[in-house]
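What follows is a short report on a single structure.
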């Protein structure tokens, strides 16, 4: 691990409600200059629940649409923050497990069956990474494996992530000591390296540093080089974006009002802003399990991290550039057209992300002719494309009765190599019946970085294939489904068209 020379102290991006001010706590003399350190009483950003109706941030960003992509299962989100409430079973069950630390005296099955409190600390650095019993993360503030949150900030952030992706794994990396609201730069640096080396997919940094740090920059660039996406708060000063949000390599998040229609007054403005999300009166979980409402870019940031986790849970092959393209280009554009310094590319949109991250197919019928076109999302993987046609009545039957426990009849057919009552479009533009060749794909291609719109058939005979024959079908209502798969696994949700009459 790289030796860190700096001893600068910095502070969390605190979220404020009514007062919304920075309070200078002390001035610390380092070398030949003095650095102001800013902090706040936590009560300033925790709002009175009795005066606050339920927040609609989940509706504004479209969590129901993100849930269609994935629940975040298998995605490791590193939270560089103040720890988490380990006594709350919601968090305890979501904690990442460093199985390398446990394999010395337990099998994988034994580890996965144990709950948080049941794992013993043997006092040995079993994985030889320099941290003894770092089972769920590490505390760089106290140099221990105790990740318990004593001031609430990290718990609030964790609650927002799990609201978005309930099956994600939380790697907790605490950087402050005890209840302190400040921390040292070297703790941040070591936290980033720890997250990358231990398999984090996403690093959430709901924090700010009073000054730029070359060591932090180097650590973040190391994360980016290893395809770990870093999501950073922009800060809570309306006049300037805080470091590391000023780095081009990170995803910098600003904050809007609860409705996602206007920028929060203390959300900074500048050319480093990439995207915004609700950051006012965000409903989440506090220490002890109570519902709290919090304000600031600290809490719009994990909203974006949750969306990234939903994408990676859907398709772990997605590269950083693809994820950024999906999130930025699908955002709800507010302010000036295109990117602007207030909203960045816009407000995070779950429905927009789903539209660009999942395939779709459109079938239009004009008298006896059909126009068929599809959209293929970026997958960053060699991809097989399947298009299937089924009678609408059978689709409903299969979903409701035939294949209970399977989310979709097309997925069932693909996974089990069955093709009962399904017609498959092959690479020659011909529909293969259920008694011919079974499951066939229309194409195998590498869908890298950008989506692809394809015209398959049209009334004018244009498209990949000139004919769309339905001569072998019984008359009736049909649905067309499209799936993209790689290595026999779905890379995006299956899409079914509206029913069309033949």
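The values are calculated or read from the model by the stated rules, or taken from the named source; none is laboratory data. These numbers come from a predicted model, not from an experiment. With ideal geometry, Cβ positions are generated from the backbone for all residues, glycine too; neighbour counts draw on all protein chains shown.
Side notes on the structure shown:
- Among the numbered conditions (1) buried (at least 17 other Cβ atoms within 10 Å of the Cβ); (2) modelled with pLDDT of 90 or more, the only one that residue 453 does not meet is (1).
- Filtered residues of segment 224-269 (kept if over 17 Å from the mean Cα position of the chain (by Cα) and on the phi > 0 side of the Ramachandran plot): 235, 260
- Within segment 169-216, tally of residues that are modelled with pLDDT of 95 or more and surrounded by fewer than 16 Cβ atoms within 10 Å (Cβ to Cβ): 3
- Of the strands (runs of 3 or more DSSP E) that lie entirely inside segment 187-304, not one contains 2 or more residues that are in contact with a helix residue (DSSP H, G or I) (Cβ under 9 Å, 6 or more places away or on another chain) and outside the structural domain of residue 325 (by TED's automatic domain parsing).
- Qualifying residue in segment 488-499 (condition: closer than 14 Å to residue 390 by Cα, in a strand (DSSP E or B) and modelled with pLDDT of 85 or more): yes
- Residue in segment 273-291 that is farthest from the chain's Cα centre (by Cα), counting only those that are farther than 13 Å from residue 163 by Cα and surrounded by 23 or more Cβ atoms within 10 Å (Cβ to Cβ): 280
- From the list 301, 295, the lone residue that is within 13 Å of the chain's Cα centre (by Cα) and in contact (Cβ under 8 Å) with a residue 60 or more places away in the chain is 301.
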